[in-house]
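The values are calculated or read from the model by the stated rules, or taken from the named source; none is laboratory data. Just so we're clear, the structure is a prediction, and the values are computed from it rather than from any experiment. Neighbour counts run over all protein chains shown; Cβ positions are idealised from the backbone, glycine included. Heavy atoms of the whole protein, side chains included, go into the accessibility calculation; ligands, DNA and RNA do not. Shrake-Rupley method; radii C 1.70, N 1.55, O 1.52, S 1.80 Å.
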Amino acid sequence: MRFSRLPSPKPEHKHQAYTALQGLRRRSSGSMERTGAHSGKRWLPGLMLLAATSWLLVIYFHLAVLRGTPVVSEPRGSLAEVASDDSGDGQRLLLQHEERLSKVKKAPPAATSNALPAARDERRRRDDDEDCRGRYVYIHDLPPRFNADILANCRNWYPWIDMCVYLENGGLGRPVDNADGVFADEGWYATDHFGLDVIFHSRMKQYDCLTSDSSRAAAVFVPFYAGFDVVQHLWGVNSTGREKDALPLDLVDWLTRRPEWRAMGGRDHFFLSGRTAYDHQRQTDSDSEWGNKLLRLPAVQNMTVLFVEKLPWTSFDFAIPYPTYFHPARDAQVVEWQRRMRATKREWLFSFAGGARDDPYSIRHQLIRQCGLSSFCKLVQCGKNQRNCLVPSNFMRVFQGTRFCLQPTGDTMTRRSAFDAIMAGCVPVFFHPDSAHTQYRWHLPEAHDTYSVLIPEADVRAGNVSIEETLRRIPPDVAERMTETVIGLIPRLVYADPRSKLETLRDAVDVTVEAVIGRVNKLREEMARGQEHLLQKQSGNDGVQQT
């Protein structure tokens, strides 16, 4: 037990006691002197006075000390020393001490003080639960052979370039050179257009509603670097079909043994490849055939698979935007870039940045010819020995000064260039619906004519259409509205810097996860109703009941 020191008497009480004692001494001394001269009976009044004085001191001690204010903590000097100090400093210190004691009396108990932060934390947890209800995502902790070990081999993916530099800064690559002012000073990187595997994974780690309890998850993310895995077997090596398929088969074996898989048979799982779906749909076991057969595995067909370009005949894979060079870290960077694109003067009606193809079926040579003959078109020619299209500022400068940007098919139906054009506020002109309209349904408006132009490539190939005349027939006010729509799409098409987080804007990952959860919820509801056709998703679209 801990005892507190009792206080010294108050100054006025001490002075009264001192005066009383002095008077007692004087009277006692006089009585003693008179005792020798007078009768012994004269000592009785003095004795009675002494007794009375003693009782007065007892009563004073009881009132002034025992019923006084309890001492909680002792000041730098004792109160006795302060009370005996005749200076003003002593009196001020005494008053300060009494003020501190009054504050201690008013203070809440320690237990209440400690309970307040706990209550706030509990209230915050309840709010978080409310915000994340139905949005939780569980991320599998895969063995490193499915992701980290693949990255460690980045120097050997391509025989002609070291890809490790493109993995810096969370997969964004190195910052671009902005010496000519084409970009902003922050948020722009030399990003590989097939580098989405690590970018998406890094962004998922920043997702608002992650959970370590898979039973609470609306969806389960599998951080398998499928695109980087297949790249290891496409160039400069003589991989067999078995080697190309080894890791996808290993992944399926690992996943299907997990309790998380058994909840919905993998239908709540999703993963992505930063490449096109064509790299993962090998049809035979021939060693010479391109790619692996990841998409032909039944377990994979139960999952939601994301690519930068999907297959047109399947319903379990979905296209998400190519990564561009813009990776903002804050809302303000997006808003400022949009403001700048709105204020940009667009000198050219249309432009084309690209090279011709040896394929006689390609319309690129017609586009190059028509652009070269038009005074309204700006051409950025990209040949095998030309580096124009390898320097982002060369074509991004042109896109920023153009109203419409031509986006024909390339090696496949889609192009990263279409998203570069949108970042520059340039309206894309497509020549096939599979270049965007049937691909990026989660991220682009359903009303395709509000943000793009479609000119059938068959008409271009046959020489029946003039691109210049087609675009000049669009009224200026309509073209302006299309430009504004395109600029408004920028936030949902960028992949924000994974090392930070946008405050309020939703980027491509946010849009994608929301769409995946919506699809999983639909599958969960249909499974609960016992619709067996979902087990045969490749044979038709979701939601069409088979009989």
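Stokes-Einstein diffusion for the range 364-441 at 20 °C, viscosity 1.002 mPa s, with a Kirkwood radius from C-alpha pairs, works out to 163 µm²/s. For the range 228-319, the alpha carbon convex hull comes to 88 Å³ per residue, rounded to a whole number. With the cut-off at 26 Å, tell me which of the pairs Lys310/Lys345; Lys244/Lys310; Lys378/Lys501 have Cα atoms farther apart than that. Violating the 26 Å Cα-Cα cut-off are Lys310/Lys345; Lys378/Lys501. With 0.36 nm allotted per residue and the present C-alpha distance subtracted, the Ser212-Arg473 stretch has 88.3 nm of extension available.
As a size descriptor, the averaged projected area of the C-alpha convex hull of the range 294-359 was calculated at 8.8 nm². About its Cα centre, the range 142-256 has a charge dipole of approximately 320 debye under the convention of +1 per Lys or Arg Cβ and -1 per Asp or Glu Cβ, with nothing else charged. The residues of the range 389-489 expose on average 39 square angstrom of accessible surface per residue, using a 1.4 Å probe on protein heavy atoms. Estimated at 0.36 nm per residue, the fully extended path between Glu243 and Ala458 surpasses their Cα-Cα distance by 73.4 nm.
Between Asp285 and Ala179, the distance separating the two model label sites (each 7 Å from Cα on the Cα→Cβ line) works out to 5.6 nm. Normalised by residue count, the range 181-238 yields a Cα convex hull volume of 134 Å³ per residue. Of the trypsin sites (Lys or Arg not before Pro) in the range 272-363, the ones in a loop by DSSP (not H, G, I, E or B) with at most 16 other beta carbons within 10 Å are Lys345, Arg357.
With kT/(6 pi eta Rh) evaluated at 10 °C and eta = 1.306 mPa s, and Rh the Kirkwood radius from Cα pairs, the range 206-251 diffuses with a coefficient of 120 µm²/s according to Stokes-Einstein. With the highest mean first, a sort of the peptides 263-272, 220-229 on other beta-carbon atoms found within 10 angstrom per residue produces 220-229, 263-272.
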